[in-house]
1. Residues of segment 181-215 being open to solvent by 50 Å² or more (accessible area, probe 1.4 Å) and under 16 Å from R150 (Cβ atoms), which ones?
2. Quick one: in segment 340-354, which of the residues that are assigned to a helix (DSSP H, G or I) and either in contact (Cβ under 8 Å) with a residue 40 or more places away in the chain or touching a Lys or Arg at 6+ places or on another chain (Cβ under 8 Å) (or both) is surrounded by the most Cβ atoms within 10 Å (Cβ to Cβ)?
3. Go through V37, V46, V30 for me and flag whichever is in contact with a Cys (Cβ under 6 Å, 6 or more places away or on another chain) and open to solvent by less than 40 Å² (accessible area, probe 1.4 Å).
4. Take segment 278-295 and flag every residue that is over 19 Å from A259 (Cα atoms), hydrophobic (A, V, I, L, M, F, W, C) and open to solvent by less than 10 Å² (accessible area, probe 1.4 Å).
5. Could you tell me which of the residues Y140, Y145 is in a strand (DSSP E or B) and hydroxyl-bearing (S, T, Y)?
6. Among the residues of segment 108-141 satisfying the criterion of being open to solvent by less than 30 Å² (accessible area, probe 1.4 Å) and modelled with pLDDT under 95, which is nearest to A156 (Cα to Cα)?
7. For segment 158-169, which residues satisfy the criterion of being open to solvent by less than 50 Å² (accessible area, probe 1.4 Å) and under 17 Å from Y228 (Cα atoms)?
8. Out of D172, D229, I need the residue that is at pLDDT 95 or above, within 29 Å of L134 (Cα to Cα) and open to solvent by 80 Å² or more (accessible area, probe 1.4 Å). Which one?
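The values are calculated or read from the model by the stated rules, or taken from the named source; none is laboratory data. This is a predicted model, so every value here is computed, not measured. All Cβ positions, glycine included, derive from the backbone under ideal geometry; neighbour counts span all protein chains shown. All accessible areas refer to the heavy atoms of the entire protein, side chains included, with ligands and DNA or RNA removed. Shrake-Rupley method; radii C 1.70, N 1.55, O 1.52, S 1.80 Å.
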Amino acid sequence: MVKCQVVMDAMERLAPKKLAEDWDNPGLLVGSPSQEVNKVLVCLDVRDEVIDRAIEGGYDMIVSHHPLIFRSMKKIRTDLPDGRKLARLLKHDIAVFAAHTNLDIARGGVNDVLAERCGLGELQPFDTTGEEKLVKLAVYVPRDYADAVRDAIFSAGAGHIGNYSECSFNVDGKGTFKPLEGTHPFIGTEGTREAVDEVRIETIFPSMLQGKVVRELVKAHPYEEPAYDLYPLANKGAVYSLGRIGSVEAPVTLDVFAARVKEGLGADSIRVVRAGERLIKKAALCSGSGAEFIEKAAFMGCDVYITGDVRYHDAQRAVELGIHVIDAGHFPTEQPVVPVVAEYLRDELGKVRGGKDVEVAADDLLKDFFSFM
């Protein structure tokens, strides 16, 4: 058993709320961070069928991609769908948490899962939404404690440069200090200047991790008053984006590529907009409803664009721009993330006290609203 806040913290590490679009409404939508959670159900939508399963299965928390509450509510009518859902959730003390556009944008989120299912490699950002700000840390540590402090700040997320982790630069030197009246020095005595063999450890981390990194540094550092410096950097950090651009292993026809997408997503059917006989070498994608980015994909030199909810005039524009479009549907382009999030939560909760006993299930019963005759 864990608190709801523990699940929320795990989701924040996967899909930080700050990544979400301004119009979005992610986070805890029903319930309290302090309520106890034994069973978590991960789903795409908080539909009546999901609530039925949660009630019947004794689930305490639902983690959904689409927010149950999206726009402001001025009344809760239990004779209408949204009010009825909220009443049932509150009656059975079921918390609801949503990770929406932040999960679309996050590394390892919806669009990365979609790209993998479509067989794309060498992924790059598509529609940029932000860039990670980096901070440089310099901390001074007694030589015998340098490994412990390095381990602590690395475990908090510091030290990543590209595909390398635990990166740091270390310089030996002498640290001097005089403990004043009322202090309790780890080394030395009150009123006497001390000189200690120390290591200056330098590393970097994303600014959003600053609080966590500093907390872990202070916990691991032996000094009563650790000395450390923080510097904002002009270096470019990770770029966040809606959608991804990727490449196929070898050029293929639209028919072959579309068949791969359909099979990879397990879709009953897909719609294809054909713009000539152009071979597929480079593809862009955006999960859910991303027809607004067709022109951007064309201007970025993509041969095909994969998304959902494409309208007639979107298709017309794509043909005029000379880019193929695969409309794989809103549901099929997003549902694949559900088991991935469930597996992630199992792993993360397994690392905390009481978390190994929490059951995490991925909804596999919901179907697309659309069917074809």
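1. Selection gives R200, K212, R215.
2. Going residue by residue through segment 340-354, those that are assigned to a helix (DSSP H, G or I) are 340-349.
Subsequent filtering for residues that are either in contact (Cβ under 8 Å) with a residue 40 or more places away in the chain or touching a Lys or Arg at 6+ places or on another chain (Cβ under 8 Å) (or both) retains 340-342, 344-345, 348-349.
Numbers: V340: 19, V341: 27, A342: 20, Y344: 20, L345: 23, E348: 18, L349: 21.
Per the criteria, the residue is V341.
3. Among V37, V46, V30, only V37 is in contact with a Cys (Cβ under 6 Å, 6 or more places away or on another chain) and open to solvent by less than 40 Å² (accessible area, probe 1.4 Å).
4. Of everything in segment 278-295, just one residue is over 19 Å from A259 (Cα atoms), hydrophobic (A, V, I, L, M, F, W, C) and open to solvent by less than 10 Å² (accessible area, probe 1.4 Å), namely I294.
5. One residue alone meets the criteria, Y140.
6. Among them, the one singled out is E132.
7. If the condition is that a residue be open to solvent by less than 50 Å² (accessible area, probe 1.4 Å) and under 17 Å from Y228 (Cα atoms), then A158, G159, S168 are the ones that fit.
8. Just one listed residue meets the conditions, D172.
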